[in-house]
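Okay, structure first, notes after.
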Amino acid sequence: MQDYLLLERSAQKSLSANEVMHLTSHYDSQEFNNEMIYKGDDLGVTYLNDQIQFKIWAPIAEYVTLLLYKKSYSETPIYTFEMNDHAAGVFEYSLPLLYDGFYYMFEVKNGDHFFDTPGPEVKVVGINGEKGYLCDLNTTDPDGFRETESPKLKNAVDAVIYEAHVRDFTVHHESGAEDKGNFLAFVQKGTKNTDHMATGIDHLKELGVTHVQLLPIYDYNCLDEAAPKEEQYNWGYDPLNYNAVEGSYSSNPKDPALRIRELKTLIMELHKNGIGVIMDVVYNHTSDQFDANFHKSAPYYYHRTEHGELTNASGCGNETATERFMMKQFMINSLLYWVQEYKIDGFRFDLMGIHDTLTMKEVSDALTAEKKDIILYGEGWSGGYSPLHEDLRLVKRNLNQVPTIGGFNDDFRDAIKGHVFYDEAGGFVQGKGFRESIKFGIVGSVYHDNIDYDFINYTDFPWANNPGQSINYASAHDNLTLYDKLKASIYDKEDEAKIKQMAKLASALVLTSQGVPFLHAGVEFLRTKFGDANSYRSPDAINALNWKLKTKNYDVFSYHKGLIELRKTYKHFRLGTQESIAKHLHFYKGENAYDHNLVAYTLDSPDDRNPDTLFVAFNGNQVEKRITLGEGTWDILVDADQAGTTSLGQVSGYVDITPTSTLVLIKTC
Ligand code: CA
């Protein structure tokens, strides 16, 4: 019944294709762009010294009324104020500070219809993000928040990123956390599984990652924040209020300020522990088309259309028009707000291939000016056809036009463990070759004269200008977990020892390569989602990170920890430029050098403090392979079973590398 009413309402409010074309040509006219765009950064609610200022951009509205409510669920406003119509489509009103604590909406009259919205810029919301809430943001900082510094990042290649979902991280009973699944549980200290092994933030410190990338924490649409949390789950890729915080991770979603304070606490505690916070942002589409705040304030302005119909490059029903000034400006101001108010250290752009390249350049310029060491990357693809030509959008092949923004390296990902959409397909770790694509990942997707670019998975040229642009990964929240993929791809599904060897080899490729290593939460102890590749709304039973697996697969955990320690110790693995890689990284040309399942290289030192040469080899074969070594004696730092910075033994002359394994050697003399 409810769905039917919603459809009716949307249908009434939508226009015919001809009307939409008429309207969008108005938006794209010179006259509109001269007179009706607003360049200020103060849209929404601003607390001034002695008043609360409201501004909304509603360029075709006849008038806008400000509505105030006592309660989040009230249907009838207790105060209404007709807003003043300013130039450039902005409606403005100010109230004295004593209205603090009220809920608000803007009632926008567009054509024959009234649209109630808290406005696209709303920062503080009531339950389910329906209404805005008047609150001075200064009162939402936890003690010490402003003084706590973010960890510094010299170069993106120094980061080790860990991708986690707030609820998944602690909701399992083995997490040992209180108030499981919420913001505060994420950073609760001293938590352990039933075998007394560290979980949560203590585990992150033990592992050694430098950044956590959180799946959506902005206010998303699909969960009922008033309903019991254990009955619903979502990843959150359906944005409702881009500048507000999701309520379902709060210990009390009914308190509009609390979710802000709790998220800030999470960020502060990670910062205190030397871990940066990267936010997953989804500006490429809105959760709903006609109920979107964008649509209510400026119908059809913020979305792309073709022939008067919304287009769908996101695969979610619509796509945003970042090439329009106010959409671009919205995105930039929103991102700056998250950096300034929440101290976010970086952004991961969902379906970045939908955003136009010029906008992303401006995004990068604005964010880098605000925070010099910000880390920016995204998915260099879209989810469907867009009317904006691909040459103009920031898909992977155009990343070299914006050297400050990176992209997920799907060439490397699928070369490591097989095609992401064909469960049974194997890659290098299953002994299926992909040698050149593996080498391409090893050099961080830049130009290297020893790579044959005709044999790279999905590209035929080095799409990265610098290795900081290559986000190297074997698995992420999308698609099968690494463990599930490996299991699906091998003949003997019960051969856990084999899966472990392949998983170690996959992560060694990710953690030793030039570029930015990216780990899906739980990959370090063989996380399973029981074969569920698209678990975006699957229950906790599928998505929860089972911390008992840390005990069961402790050797895999130790291996990851050792690889991270190795990466941090030797600058060899973190060369910052294409030139430096060309100078220091040389692929092996000795015995078995042209085996498709064997890749090896030397890394000359870029670092006076660690002047020794490293030798790195990966054997994807199911059989042992012999490699001839350069002169001298070599200490083994990584073998099939262990990884770290202490010697596991010495070799000279040659070395036999065991099946499905990694070898890292350091020259001792
Ligand atoms: Ca929400």
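The values are calculated or read from the model by the stated rules, or taken from the named source; none is laboratory data. No experiment lies behind these values; they were computed from the predicted model shown. We place every Cβ from the backbone using ideal geometry, glycine too, and count neighbours over all the protein chains shown.
Take the conditions without any contact (Cβ under 8 Å) to a residue 40 or more places away in the chain, assigned to a strand (DSSP E or B) and surrounded by 21 or more Cβ atoms within 10 Å (Cβ to Cβ) and apply them to Phe114. Does it pass? So that I can check it myself, show each step before the final result.
Values: without any contact (Cβ under 8 Å) to a residue 40 or more places away in the chain: yes; assigned to a strand (DSSP E or B): yes; surrounded by 21 or more Cβ atoms within 10 Å (Cβ to Cβ): no.
Against the criterion (without any contact (Cβ under 8 Å) to a residue 40 or more places away in the chain, assigned to a strand (DSSP E or B) and surrounded by 21 or more Cβ atoms within 10 Å (Cβ to Cβ)), Phe114 does not qualify.
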Sort through Ile490, Ile456, Ile499 and tell me the only one that's without any contact (Cβ under 8 Å) to a residue 40 or more places away in the chain and over 21 Å from the mean Cα position of the chain (by Cα).
Ile499
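Of the residues Asp555, Asp532, which single one is charged (D, E, K, R), at pLDDT 95 or above and in a loop (DSSP other than H, G, I, E, B)?
On the way: Asp555 fails: in a loop (DSSP other than H, G, I, E, B).
Within the list Asp555, Asp532, the selection yields Asp532.
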Can Val209 be described as at negative phi, modelled with pLDDT of 95 or more, in contact with a Gly (Cβ under 8 Å, 6 or more places away or on another chain) and away from the ligand (no atom under 14 Å from the Cβ)?
no
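For segment 150-159: of the residues being of a type in the set (A, V, I, L, M) and part of a loop (DSSP other than H, G, I, E, B), which is surrounded by the most Cβ atoms within 10 Å (Cβ to Cβ)? Talk me through it step by step, then tell me what you get.
Quick first cut of segment 150-159, residues of a type in the set (A, V, I, L, M) only: 153, 156-157, 159.
Checking the rest, the ones that are also part of a loop (DSSP other than H, G, I, E, B) come to 153, 159.
Values: Leu153: 19, Ala159: 27.
Ranking the candidates gives Ala159 first.
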Pull out all pairs, ordered by first then second residue, where Cβ-Cβ is under 6 Å, the residues are six or more apart or on different chains, the first lies in segment 303-315 and is in contact (Cβ under 8 Å) with a residue 60 or more places away in the chain, and the second is of a type in the set (D, E, K, R) and assigned to a loop (DSSP other than H, G, I, E, B).
Arg304/Glu319; Thr311/Arg304; Thr311/Glu319; Ala313/Glu319
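Do we find that Ala198 is away from the ligand (no atom under 13 Å from the Cβ), more than 20 Å from the chain's Cα centre (by Cα) and surrounded by 24 or more Cβ atoms within 10 Å (Cβ to Cβ) in this structure? Step through it out loud before you land on a result.
Working: away from the ligand (no atom under 13 Å from the Cβ): yes; more than 20 Å from the chain's Cα centre (by Cα): yes; surrounded by 24 or more Cβ atoms within 10 Å (Cβ to Cβ): no.
Here the answer is no, as Ala198 does not meet what is asked.
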Where the second residue is within 9 Å of the ligand (Cβ to nearest atom) and among the small types (Gly, Ala, Ser) and the first is closer than 13 Å to Tyr218 by Cα and in contact (Cβ under 8 Å) with a residue 12 or more places away in the chain and lies in segment 240-258, which pairs have Cβ atoms under 9 Å and are six or more apart or on separate chains?
Leu240/Gly129; Asn241/Gly129; Ala244/Gly129; Glu246/Gly129; Glu246/Gly236; Gly247/Gly129; Ser248/Gly236
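Condition first: assigned to a loop (DSSP other than H, G, I, E, B) and within 14 Å of the chain's Cα centre (by Cα). Now tell me which residues in segment 160-173 satisfy that.
The initial filter retains those residues of segment 160-173 that are assigned to a loop (DSSP other than H, G, I, E, B), namely 160, 165, 172.
Answer for segment 160-173, where residues must be assigned to a loop (DSSP other than H, G, I, E, B) and within 14 Å of the chain's Cα centre (by Cα): Val160, His165.
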Of the conditions (1) at pLDDT 95 or above; (2) surrounded by fewer than 23 Cβ atoms within 10 Å (Cβ to Cβ); (3) in a loop (DSSP other than H, G, I, E, B), Gln289 satisfies every one except a single condition; which number is it?
(1)
Quick one: count up the residues across segment 226-249 that are more than 10 Å from the ligand (Cβ to nearest atom) and not charged (D, E, K, R).
9
Go through segment 413-428 residue by residue and tally those that are part of a helix (DSSP H, G or I) and of a type in the set (D, E, K, R).
3
So, Asn592, is that one touching a Phe, Trp or Tyr at 6+ places or on another chain (Cβ under 7 Å), surrounded by fewer than 20 Cβ atoms within 10 Å (Cβ to Cβ), at pLDDT below 95 and not in a helix (DSSP H, G or I) or not?
no
If you check every pair at least six apart or on different chains, which have Cβ atoms under 7 Å apart with a residue in segment 221-233 that is more than 14 Å from Asn252 (Cα to Cα) first and a residue that is more than 9 Å from the ligand (Cβ to nearest atom) and among the hydroxyl-bearing types (Ser, Thr, Tyr) second?
Asn221/Ser287; Tyr233/Ser538
Considering only residues of segment 124-149 that are in contact with a Phe, Trp or Tyr (Cβ under 7 Å, 6 or more places away or on another chain) and part of a loop (DSSP other than H, G, I, E, B), which is nearest to the ligand (Cβ to nearest atom)?
Gly126
